[in-house]
Structures are given as structure tokens and as C-alpha cells.
Amino acid sequence: MESSNQPLPRLRTLTSFLVPHRRTMLLGLLLGLAANAAGLATPMVTKWVLDTLGDGGSMARPIAVLLVLVVVGAAIGLWQWRLLGTLAEQIVLDARTAMVARYFRARVGELQRRPTGELVTRATSDTQLLREASSSIVGLVNAGIALVGTLVLMGVLDLFLLGCTLAAVLVVAAVMGVLMPRIAAAQVAAQEHMGRLGGALEGALRAVRTVKASRAEARVTERIVDDARQVATHSVRAALVTASVWTIAWTGIQLAVIVILGIGAWRAQRDLLEISSLIAFLLYVFQLMGPITELTQNTTALQAGIAAAGRIREVGTMATEPAGPASTSTPRPDTADPEQPVLVFRGVTARYGPDTPPAVRDVDLVIPRRGHTAIVGPSGAGKTTLFSLILRFLEPEHGQLLLDGRPYAAYRPDEVRARLAYVEQETPVVPGTIRDNVRFTHPDATDDEIRAVLRAVRLDEKVDSLPEGLDTPLSSTEVSGGQRQRIALARAMLRTPQVLLLDEATAQLDGLTEAALQECVRQRAAAGAVVTIAHRLSTVLDADRIVVLEDGRIRAEGTHAELLAGDDLYRRLVEALRIAAEEPLAAAR
């Protein structure tokens, strides 16, 4: 792990994004060399023009060559610029495509360990830095060759003046070499704090109602602005170092020009150097500014790109869900034995991290193929963990799960989830219209199927009353929070799943709508399995069986009446949550 912070491995990380485009980069490099050749030849042709003028010869030929060099050099430079610009955008697109694909292949736990805003920042601003870095490598090679070529031709004109120039260049390079690592460190720190800023801002905006209701606007603003100040501090530090490098580079070149001009004039007075050669040499001195400027800019961009590439590549280390060929021998749901349980837990223990305590321990649980099973327990008892295991968001540490009598390992995660429907407690909706959301799991669902499930959740009349009907965006203020919850429920009920998982999905519904939904659940329980994390009376009373969890273990199982009579924790839950019917509660007392 330590080696990943060293320059060479981090540079390899950056170049790994560029290798697939090596042919295009090679063409860009060759174009740059051709443009450099045209630029390097220009002072020599200028000397030819001056020598011809002094000899009284025809100026047509040298001037024509000079014009050709200028036009050809400009055309080649334009071609290279457009080529590398397109290449840079393609590299950014490839990186973003790979990151987004990795996000949605990653295990849920891997994603939840990182702030959502930080993940978004890595796919947006970090990848943007690859644009400059991708061109910077070609630019560094071109600038280096141009610098060497310029110095060689300067040596052809006058070795003494070349020695003076080299001394100035070496001093400038030494100072830049000392300052460049500071630019890299500041860039890395700025990008890390930018990720934190994105995560904090995204989380606060997601909870903006709570923030305002708690009168915490000023405190939240100050906390996020503090992250922004950290970004600014490190960015300013990088900018100051970069400004120092530029100032030193430009000042060094300008001082070198003055010194070289004075020495060159002195040598010309003593006939040690021709005037045309002095002018050509000075042109090369001015041309040195171009390669040195490019080296400075491209090195800065490369440092930022290396830091960004490292952060992007970290996404590639996120553990992904298992993939493999389809289970050809897996029984179809409609051919399964009706007496066989649809889901079975056998001695399942699971934890969310190697250093965390088990979230569930030695769970043995059977979910019948038909019927309604409710799961209750205090906070932290492991209710959501059971759902995460069923959905394969989490893999067991010990024990195994069976689906239709076969181990989960015999299925791909998508094969398991194809037999399940899940409604989260927050019942999130996805970007798009009502139609998009209802058929999100089944994109080929017809409008008749969509309207049938909307009717089941008593939302059909509301949708028909909207100006855009099923095409109403869910960002519209015409759709309330409770209606969004019913849309999420309709999505789960579309095309009856083998197992319907409800994480207390009736929390925001009025009594009449809840009663209608309970009727939907009863109908589904008659045809398949319904498993509910329950906190309400209607859910518990309607269940065929109730499972009581405590500290990650199954404490008791039974009907509502049986548990009221025989389990003290269940009675306390009933009393605390006020979910007991009056008569059974009175009998228990």
C-alpha cells in the first residue's frame, strides 16, 4: 500500500487510463514533433533571409520557405490540438463509464461506506482532471524534444552563448524541481477535501427539511463552508506554488535574454559572431519560453492528473458482486414444489465488516412459499440485515441461504433478485415519470398492467387527474410524499414476485389507503410469500407468523396472540409501539 503513494506507481496508474489510446497518442506525438520541426527551422530560415539580404541575392526563395513553414506548422498544430482535445474527452468518458459501471456492480456495503457526494465527485471533477493530464504527457515529450532541439541548434550557431543559456536553464530547472512536489501535495489535499465537501453538501441537501425544521441552517452552512475553506486553502497553496514556478521560469528566461543579448552584441562587435547568427540565436532564446512554459504547465497538469487517477483507481478496488453463468439447472418458480419453503436460513451468521460484531448470529428461519411473515424487534436487532441477506446485499460469514431448495451460491445475484420484490422504508423513487417508476423493474410492462397496480394502491384516479397522467415527472410538486410511497409499492406489486419484501412500507399512508394496501398484501400472501419488517398494528395482526429478533438472534416465533401470551419482549414491544389490539392486550395483562 505504501508504494501507491510513490511517484512512479502513481504515474503508472495514470498511464493505465492512456494505454488503450496509445495509437492516437502516438499520432499526436508525431504531429507535435512535426510542428516542432517547423518551429525549429524558422530561425534558421530567418538567418538565411538576412544573409541573402546582406549578399544582395533574391529574397523570393527564402521568404517562400519561411511562409511555407509558418502555414504548415500552423496546420499541423491545429490538427494536433483537435486530435488531443478529442482524445482527452474520450479518456474522461471511458473513466466515467468504468466508474459508473463499477458503482452499480459493487456490493452495497462498499458503496455505503463512502459518502454519496464523494462518489459523485470522483466521477465528475476527478475525471475532469484526466483531460489535462492526458494531453500533458504528449505535451511534456514535445516540449522536451523542442527544448533539446532548440539547444542543439543554438549550439550550431554559437557554443559560448549556448553555455550561458544552459547555465540559466539549469538554475530555473533546479528551482522548479524543488517546488513541483509541493504542487502535487497541495493538489492531492485539495481533491481529498473536495470529495468531503461533496459528501457533506449532498447529505445536507438530502435532509434539508430536517435541517430547516431543526433551525440548523447556520450550523450546517458553517460546517460545509469549513470544508470549502479547506479546499480553498489547499487550492490557494497549489496556486501560490504554481505562481512561484511561473515567475521564476519567466524571470529566468528574461534575465537570460538580457545577458545573452549583451554577450552576443559584445561578440558581434569583435567579429566573433555574425549579426544574422545573433538574431537567429535570440529567436531561439525566445523560443525557449515556449518549451519551458509547456513543461511547467504540463507538469502541473500531470501532478493533478496523477492525484485524480489514484482516487479514480481506488474505485476499481471496490469489491463487486459475484458474477457467473446462468444457473441452467435452476428450477423455475412455477415448477417448484408447493410444499417446499421458498427461503431457508441455516445457521446464518453475518457481519458488515471484519472488525465489526455479527449483525445476526446462528439464524435458522423458514419462509413458507405462501403466507405473510412479519419480523419485529428493537432497533439494531438485525431486521434489515435479514433483508440484506435475502437480497444478497450482504453475504453470510457462516451458514447458508436456500432459495427453492438450492443454495444461494447456485444463483447469480440477479437471478435471486428476479424472484423478489423489495420496497425500502424510505420508498425512494428513481428519476423519471410515474410510468418510468412503476415499470422500473419490468421495462416491458404495458400501460394496462401499470394501471392495474396503480388501482390496487388507490392511485389510479389521482394519476388520471394529472395533466400529464403517467408521464408526470416525479419531481413535480403535484405528487406528494405518500403518493410517491404508493408508486414504489405499485412498482413492487407489478407482476407478482415469488417473495415480496416490505420494510414497513405503509408508514406515510392514511388509514383508508393502508387498509387497501393490507388487502393487496393479503391477496399476495395467498399466492406467494410476503415478508414484512413491521412496526404497526395492522401489519402484525395480518401476519400468519411473527418472528421476534433480539441482538441478532431469533428469540421467538408464533402468532400475535401466542407471542403476547408467551414472550415478554414482544409484550414490551407491543406496549411501547402501541400496536396491540385492545382485547388481546387486556387478556395478556
By how many degrees, between 0 and 90 and to the nearest 10, does the Cα long axis of helix 22-55 differ from the longest principal axis of the chain?
20
Which of 273, 375, 211 sits farthest toward the positive end of the charge dipole of the chain, with +1 on the Cβ of Lys and Arg and -1 on the Cβ of Asp and Glu?
273
Kindly rank 462-473, 191-202 from highest to lowest mean number of other beta carbons found within 10 Å of each residue.
191-202, 462-473
Antiparallel as a % of all DSSP beta bridges within the chain, to the nearest 5?
50
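Translational diffusion coefficient of the chain at 4 °C, 1.567 mPa s, Stokes-Einstein with Kirkwood Rh over Cα pairs, in µm²/s as a whole number.
On the way: Rh = 30.0 Å.
Rounded to a whole number, D works out at 43 µm²/s.
How big is Rg to Rh over segment 175-309, alpha-carbon atoms, Rh as the Kirkwood inverse-mean-distance radius? Before the final figure, lay out the partial values.
Details: Rg = 24.6 Å, Rh = 18.6 Å.
So for segment 175-309, dividing Rg by the Kirkwood Rh gives 1.32.
As a check on your grasp of the helix formula, calculate [θ] at 222 nm for the chain: sum -39500 (n - 2.57) over DSSP H runs of n ≥ 4, divide by the residue count, round to the nearest 500. Intermediate values should be presented prior to the final figure.
Working: 21 runs with 376 residues, N = 589.
Estimated from H runs of four or more residues: -21500 deg cm²/dmol.
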Solvent-accessible area, 1.4 Å probe, carbon plus sulfur percent, for segment 78-174
72
Positive dipole terminus of segment 40-173, leading residue within 69, 173, 153 (C-beta point charges)
173
Please report, in whole Å, how far the alpha carbons of segment 38-151 spread along each principal axis, starting with the longest.
82, 24, 17
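Using a 1.4 Å probe, what is the accessible area per residue for the chain, in Å²? Show your work: numbers first, answer last.
On the way: 29480 Å² over 589 residues.
Normalised by residue count, the accessible surface of the chain is 50 Å².
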Charged-residue dipole, Cβ positions (Lys, Arg, Asp, Glu), the chain about Cα centre, Debye nearest 20:
940
Compare the Cα positions of 121, 33, 44 along the charge dipole of segment 22-167 (+1 at Cβ of Lys, Arg; -1 at Cβ of Asp, Glu; about the Cα centre) and return the one farthest towards the positive end.
121
Mind ordering 138-147, 218-227 by average Cβ neighbours within 10 Å, highest first?
138-147, 218-227
Counting only C-alpha contacts under 8 Å and six or more residues apart, can you give the relative contact order of the chain as a whole percent?
14
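The values are calculated or read from the model by the stated rules, or taken from the named source; none is laboratory data. All values derive from a computational prediction rather than experimental measurement. Every residue, glycine as well, gets a Cβ built from its backbone with ideal geometry; the counts of neighbours run over all protein chains shown. To get the accessible areas, we keep the full protein, side chains included, count just its heavy atoms, and leave off ligands, DNA and RNA. Shrake-Rupley method; radii C 1.70, N 1.55, O 1.52, S 1.80 Å.
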